[in-house]
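Peer 1: Before I ask anything, let me first share the structure, which is written out below as structure tokens.
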Amino acid sequence: MTLPSSLDQWNAVAGYITERLVPADDVLTAALEASEAAGLPSIAVSPNEGRLLHLLAKVQGARTVLEIGTLGGYSTIWLARALPEGGRLISLEYDPAHADVARANIARAGLDKIAEVRTGAALDTLPRMAAEPGAGPFDMFFIDADKQNNARYVEWALRLSRPGSLVIVDNVVRDGKVADAVSKDPAIMGTREMFDLIAAEPRLEATAVQTVGPKGYDGFLLARVVS
Ligand code: SAH
Ligand code: DHB
Ligand code: MG
């Protein structure tokens, strides 16, 4: 059997999928351009992954979304656009400069009534948010921040969930390094701790899928809150 895959081929196929199925969009393009102009790292989800988040939010019938890790708000816009009238998205971002870029991008997208960016380390802002009246439950979570805290973020998602909530985690494969049981990389150790936590958590049913393309070799974890 031949192994036809190469980075070039992954990118060609990602381009093919995106051209056919992910309509070009001025607002999303502008969000990426503004992020780049402000010097943010180019680590937003790819267009076909953004579209996947959007579709999952719609399939889920999500009205409320909690995102951890905003960057310039690219994934935020994909998710917020999937919400119905009266829907609400909260996105948590550590870096005030990233949050400023994201807020401008969200406003340009006409989503500032739906999506709110809160600045601070998520492990500080989560307990504050949870103490507010009416906080949660959220129908969907997108976890995409500092990977060493992935297990903590899944615990918070569980606390702020209802039966049927959907939890998505980005970057759970990382060039296959997730399978390295002796890795000392805090991001890998944090992600492996999250896998162990989910494996032992009867309230979650989960899987993870590997992805290739412009973001390299990586993957998404998907979990459904059972009870
Ligand atoms: N979801 C975005 C990409 C997020 S990149 C998209 O796909 O468009 C990861 C983001 O998490 C960065 O902006 C980084 O500043 C933020 N981050 C890192 N540590 C964090 C923390 N402790 N709390 C909240 N955000 C954090
Ligand atoms: C990194 C973070 C991300 O959320 C991502 O999608 C890609 C890379 C990073 O920290 O390197
Ligand atoms: Mg990511």
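The values are calculated or read from the model by the stated rules, or taken from the named source; none is laboratory data. Being a predicted model, the structure only gives us computed values, none of them experimental. Glycine gets a Cβ as well: all are built from the backbone with ideal geometry, and neighbour counts include every protein chain shown. Accessible surface areas use protein heavy atoms only, side chains included; no ligands, DNA or RNA. Shrake-Rupley method; radii C 1.70, N 1.55, O 1.52, S 1.80 Å.
Peer 1: To check my understanding: the extent here is largest minus smallest coordinate of the Cα atoms along each principal axis. What are those three numbers for the chain, in Å, largest first?
Peer 2: Answer, in whole Å and largest first: 58, 43, 32 Å.
Peer 1: Using the basic label-point model (7 angstrom from Cα toward the beta carbon), what is the Asp175 to Glu116 distance in nanometres?
Peer 2: 4.0
Peer 1: Another question, if that's okay. Enter the accessible area per residue of the chain (Å², integer; probe 1.4 Å; all protein chains in place).
Peer 2: With the other protein chains kept in place, the chain gives 49 Å² per residue.
Peer 1: Leaving out same-chain residues fewer than 8 places away, which lysines sit with a Cα under 22 Å from that of Lys147?
Peer 2: Within the straight-line cut-off, Lys147 pairs with Lys177, Lys184, Lys215.
Peer 1: Place the peptides 12-21, 192-201 in order of packing, highest mean first, counting for every residue the other Cβ atoms within 10 Å and averaging per peptide.
Peer 2: Highest-to-lowest ranking by the protection proxy: 192-201, 12-21.
Peer 1: Taking the alpha carbon gyration tensor of the stretch 11-117, what are the square roots of 5 times its eigenvalues, largest first, to the nearest whole Å?
Peer 2: Value: 20, 18, 11 Å, ordered largest first.
Peer 1: When the chain is fully extended, how far beyond the present Cα-Cα distance does Glu19 get from Ser227, taking 0.36 nm per residue of separation?
Peer 2: 70.9 nm
Peer 1: Where nothing but the Cβ of Lys and Arg (+1) and of Asp and Glu (-1) is charged, how large is the charge dipole of the stretch 7-225 around its Cα centre, in debye to the nearest 20?
Peer 2: 560
Peer 1: Also, I was wondering about something else. How much FRET efficiency would the formula 1/(1 + (r/R0)^6) give for Ser42 and Ala199, where r is the Cβ-Cβ distance and R0 is 35 Å, rounded to 0.05?
Peer 2: The value I calculate is 0.60.
Peer 1: Ranked from highest to lowest mean number of other Cβ atoms within 10 Å per residue, what is the order of the peptides 48-58, 122-132?
Peer 2: 48-58, 122-132
Peer 1: Which value in deg cm²/dmol, rounded to the nearest 500, describes the helix-derived mean residue ellipticity at 222 nm for the chain, given -39,500 (n - 2.57) per DSSP H run of n ≥ 4 and division by the residue count?
Peer 2: So the helix-based figure for the chain works out to -13000 deg cm²/dmol.
Peer 1: Could you name the aspartates and glutamates whose alpha carbon sits less than 12 Å from that of Lys58, not counting residues in the same chain fewer than 8 places away?
Peer 2: Cα-Cα hits under 12 Å: Asp139.
Peer 1: In addition: Positive end of the dipole of the stretch 41-189, charges at C-beta (+1 Lys, Arg; -1 Asp, Glu), about the Cα centre: which of Pro41, Thr64, Val154 has its Cα farthest in that direction?
Peer 2: Thr64
Peer 1: Treat each spin label as a single point 7 Å out from the Cα along the C-beta direction, and report the Glu132 to Leu7 distance in nm.
Peer 2: Rounded to a tenth, the inter-label distance reads 4.2 nm.
Peer 1: Something else now. Evaluate the relative contact order of the chain (contact order divided by residue number), counting alpha-carbon pairs under 8 angstrom at least 6 apart; express in whole percent.
Peer 2: Once normalised by length, the contact order is 18 percent.
Peer 1: If I compute solvent accessible area with a 1.4 Å probe over the protein chains, what percent of it on the chain is carbon and sulfur?
Peer 2: Ligands and nucleic acids excluded, carbon and sulfur reach 56 percent.
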